[in-house]
Amino acid sequence: CQPQPLPTLEESLHTFGNHIYFLHVEDDSWYQQHRIARDWGGYLASVHLQDEVHFINTFTTSRTWIGGRRIIDWGRKNNDKFIWSDGSAWDFAKWKTGESNNYGYDEDKVEINYSERKKWDDQRGSANAPAVM
């Protein structure tokens, strides 16, 4: 796999506080989006505040990957513990009612904009979607 080139200035960058967010509009798996973000020296977005959710929703309209991932606990099929791919603490979530449900016991990554209320969903990391980095 060749590293992806850095985004150009013509592509959309968004700032919130002291963070810069980039919407990678190409659909790909969580794993590939994570690799692309790391190739560019960053991470998939971690979200710690309601204001960040509102901000990210201003430039995303469909299901979109963020950096949340389930901590694998082989002894429990419905483990509800998550971390952020950048290593920061999991201190905020905006799950849709009934989520995270680990449907099929393999939904281990987090997507935003699930349902009309722009809530979060746990999803299989192999599903394709754009990503916020």
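The values are calculated or read from the model by the stated rules, or taken from the named source; none is laboratory data. As the structure is a prediction and not an experimental result, all values here were calculated from the model. Here the Cβ is made from the backbone with ideal geometry for all residues, glycine too, and neighbour counts use every protein chain on show. Keep in mind that these areas ignore ligands, DNA and RNA; they rest on the heavy atoms of the full protein, side chains included. Shrake-Rupley method; radii C 1.70, N 1.55, O 1.52, S 1.80 Å.
You will find that of Ile112, Ile72, Ile83, Ile66, the residue that is without any contact (Cβ under 8 Å) to a residue 24 or more places away in the chain and either in a strand (DSSP E or B) or open to solvent by 70 Å² or more (accessible area, probe 1.4 Å) (or both) is Ile83 and no other. Against the list (1) touching a residue at least 12 places away in the same chain (Cβ under 8 Å); (2) open to solvent by 70 Å² or more (accessible area, probe 1.4 Å); (3) not charged (D, E, K, R), the condition Thr60 fails is (2). Within region 30-45, the residues that satisfy the criterion of being touching a residue at least 40 places away in the same chain (Cβ under 8 Å) and under 20 Å from Ala127 (Cα atoms) are Trp30, Tyr31, Gln33, His34, Ile36, Ala37, Tyr43, Leu44, Ala45.
Residues that are assigned to a loop (DSSP other than H, G, I, E, B), within 17 Å of Leu23 (Cα to Cα) and in contact (Cβ under 8 Å) with a residue 12 or more places away in the chain are absent from region 96-105. Filtered by the rule that a residue be open to solvent by 40 Å² or more (accessible area, probe 1.4 Å) and touching a residue at least 24 places away in the same chain (Cβ under 8 Å), region 115-133 gives Lys118, Lys119, Ser126, Asn128. Of all residues in region 3-29, those that are aliphatic (A, V, I, L, M) have Cβ atoms under 7 Å from Cβ atoms of residues that are modelled with pLDDT of 90 or more and surrounded by 15 or more Cβ atoms within 10 Å (Cβ to Cβ), 6 or more apart or on another chain, in Leu6/Trp40; Leu13/Phe22; Leu23/Thr60; Leu23/Pro130; Leu23/Val132; Val25/Pro130.
Among the residues of region 95-107, those that are under 23 Å from Tyr43 (Cβ atoms) and open to solvent by 30 Å² or more (accessible area, probe 1.4 Å) comprise Trp95, Glu99, Asp106.
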